[in-house]
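Engineer: Pasting a structure below so you can have a look.
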Amino acid sequence: MIHRIEPACQTPPWQQSLAGAFREPEAFLRYLQLDRALLPAARTAARQFGLKVPREFAELITPGDPDDPLLRQVLPIGAEQLPSAGFGPDPVGDLDKAVGPGMLHKYQGRLLLIASGSCAVNCRYCFRRHYPYQEAAAYRHGWTQAVEHIHQHGDIEEIILSGGDPLTLTDSKLAALISRLEGIPHLKRLRIHTRLPVVIPSRLTNELTALLGSGRLQSVLVLHINHPRELSPGLVEGLQPMKRAGISLLNQSVLLKGVNDNADTLVALSSGLFEAGILPYYLHLLDRVAGAAHFEVKAERIRQLQDELRARLPGYLMPRVVREVAGAPAKQPVI
Ligand SMILES: *Cc1c(COP(=O)(O)O)cnc(C)c1O
Ligand code: SF4
């Protein structure tokens, strides 16, 4: 089926916001009324992995609070520079397993495409921080190899667009890809993993809803929300048309020290997600990427948190606690 997208006469608001994101530590600290003493370390750490924060996300951060859980996810700090045993540049060993440019066929029945090399926000804990994802992206060759690979593998039922953030692609680029995917008879589901609407809610355009809600493939949108305060009114409102269009909404979080490593926060997150029409899917343990050791939660604490969550949440609001293990046939449950 052909998806019709009206030609945009001007740059959509979300792209303007993306272009206007904070990238200078100095301007960002000033906007948040934070101590200038944080600046030298922020500048040094940003040289390795740049600061990038859209204004809509900055507005959710409490001004003047250096320990704000949302700030902690995006502000470059000195601790990133400390060497840490067991933390390396490629903790998941992903790119060695590529079956083509930006194509990971690691799990049965599902093909993951690195659909875009960039993100709307640079999260300090991200495994992407050391990777040349630009070169790895599957769109590089017009998706041709990816589409061929799926054609040749009749067992692939689900295509997962990941990244980077696939929603950095415009609606018309996504439409072009999706119409090619719809032409593959054995493909049933399209899943998109994204944090973009969390940091720029206006990314949830009517075109995107139409695109994901009306095609032949069943669509699943997996949001990456780590803290209940990230469920902004703009995000929650923007998701409702998607819900009505029959798009399944799931969430995955990363367990992060100083951000969401307490039961009250995680219970409020699950409850807030459900109110917004989203089901908790995964609570990931941190990938042990160099520069992110200060986000790691100790094993003993993880156990306590899991017990407390299980006691306080209905089963359907309990996220599956998992970790990525190189070479394993699926994400591994943490017990
Ligand atoms: C995480 C991941 C998936 C999806 O796994 P689910 O458990 O289905 O969410 C698929 N392919 C790759 C390469 C992954 O890393
Ligand atoms: S891939 Fe996800 S976690 Fe990593 S920087 Fe992009 S949005 Fe953040």
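Engineer: Would you mind getting the accessible area per residue of region 13-81, heavy atoms of the protein chains only, 1.4 Å probe, in Å²?
Structural biologist: Values: 3400 Å² over 69 residues.
Per-residue accessible area for region 13-81 comes out at 49 Å².
Engineer: Given labels modelled 7 Å from the Cα in the Cβ direction, how far is it in nm from Ser84 to His130?
Structural biologist: 1.2 nm
Engineer: Further question on the same structure: Any chance you could run the full-extension gain for Phe274 through Val99? It's 0.36 nm times the residue separation minus the Cα-Cα distance, nm to one decimal.
Structural biologist: Details: separation 175, 0.36 × 175 = 63.00 nm, distance 3.65 nm.
Result: 59.3 nm gained on full extension.
Engineer: Here's something else I'd like to know. Would you calculate the separation in nanometres between label points at Glu300 and Glu237, each defined as 7 Å from the Cα along the Cα-to-beta-carbon direction?
Structural biologist: Those two pseudo-labels are separated by 4.7 nm.
Engineer: Give me the percent of accessible area attributable to carbon and sulfur for the chain, probe 1.4 angstrom.
Structural biologist: Here carbon and sulfur together make up 52 percent of the probe-accessible area.
Engineer: Then there's this: Can you tell me the 0 to 90 degree angle between the C-alpha axis of helix 299-312 and the longest principal axis of the chain, rounded to 10?
Structural biologist: 70 degrees
Engineer: For the chain, what does -39500 (n - 2.57) per DSSP helix run (n ≥ 4), summed and divided by total residues, give at 222 nm, in deg cm²/dmol to the nearest 500?
Structural biologist: On the way: 13 runs with 111 residues, N = 335.
Helix contribution divided over all residues of the chain: -9000 deg cm²/dmol.
Engineer: What is the pair-distance distribution P(r) of the chain, computed from all Cα-Cα distances in 20 Å bins starting at 0, with each bin given as a whole percent?
Structural biologist: Computed distribution, short to long bins: 30, 62, 8.
Engineer: A further question follows. With N denoting the number of residues in region 37-162, provide Rg(C-alpha) divided by 2.2 N^0.38 Å, to two decimal places.
Structural biologist: Working: Rg = 18.0 Å, N = 126, 2.2 N^0.38 = 13.8 Å.
Computed over Cα atoms of region 37-162, the ratio equals 1.30.
Engineer: Another one. Going Cα to Cα from Lys52, which lysines come in below 27 Å? Please leave out same-chain ones fewer than 8 positions away.
Structural biologist: Lys173, Lys257
Engineer: Another question, then. Please enumerate, by chain and number, the lysines with C-alpha under 23 Å from the C-alpha of Lys97, excluding those fewer than 8 residues away in the same chain.
Structural biologist: Here the lysines satisfying the reach criterion relative to Lys97 are Lys106, Lys331.
Engineer: Report the label-to-label distance for Ala37 and Gln332 in nanometres (one decimal), using points 7 Å from each Cα along the Cα→Cβ vector.
Structural biologist: The two pseudo-label positions are separated by 4.2 nm.
Engineer: Moving on. Give the cross-link partners of Lys298 among the aspartates and glutamates, using a straight C-alpha distance below 12 Å as the criterion and excluding same-chain residues fewer than 8 apart.
Structural biologist: Asp261
Engineer: So, with +1 on the Cβ of K and R and -1 on the Cβ of D and E, and no other charges, what is the size of the charge dipole of region 13-81 about its Cα centre, to the nearest 20 debye?
Structural biologist: Details: 8 positive and 9 negative charges, 61 e Å.
Computed about the Cα centre, the dipole is about 300 debye.
Engineer: Could I ask something else about it? Per residue, how many Å² of accessible area does region 95-333 show with a 1.4 Å probe?
Structural biologist: On the way: 9490 Å² over 239 residues.
Accessible surface, normalised per residue, equals 40 Å².
Engineer: Along its three principal axes, how long is region 13-81 when you only count alpha carbons? Whole Å, largest extent first please.
Structural biologist: The principal-axis extents, from largest down, are 35, 25, 18 Å.
The values are calculated or read from the model by the stated rules, or taken from the named source; none is laboratory data. All values reported here derive from a predicted model rather than from experimental measurement. Glycine gets a Cβ as well: all are built from the backbone with ideal geometry, and neighbour counts include every protein chain shown. Note: areas computed on protein heavy atoms with side chains; ligands, DNA, RNA excluded. Shrake-Rupley method; radii C 1.70, N 1.55, O 1.52, S 1.80 Å.
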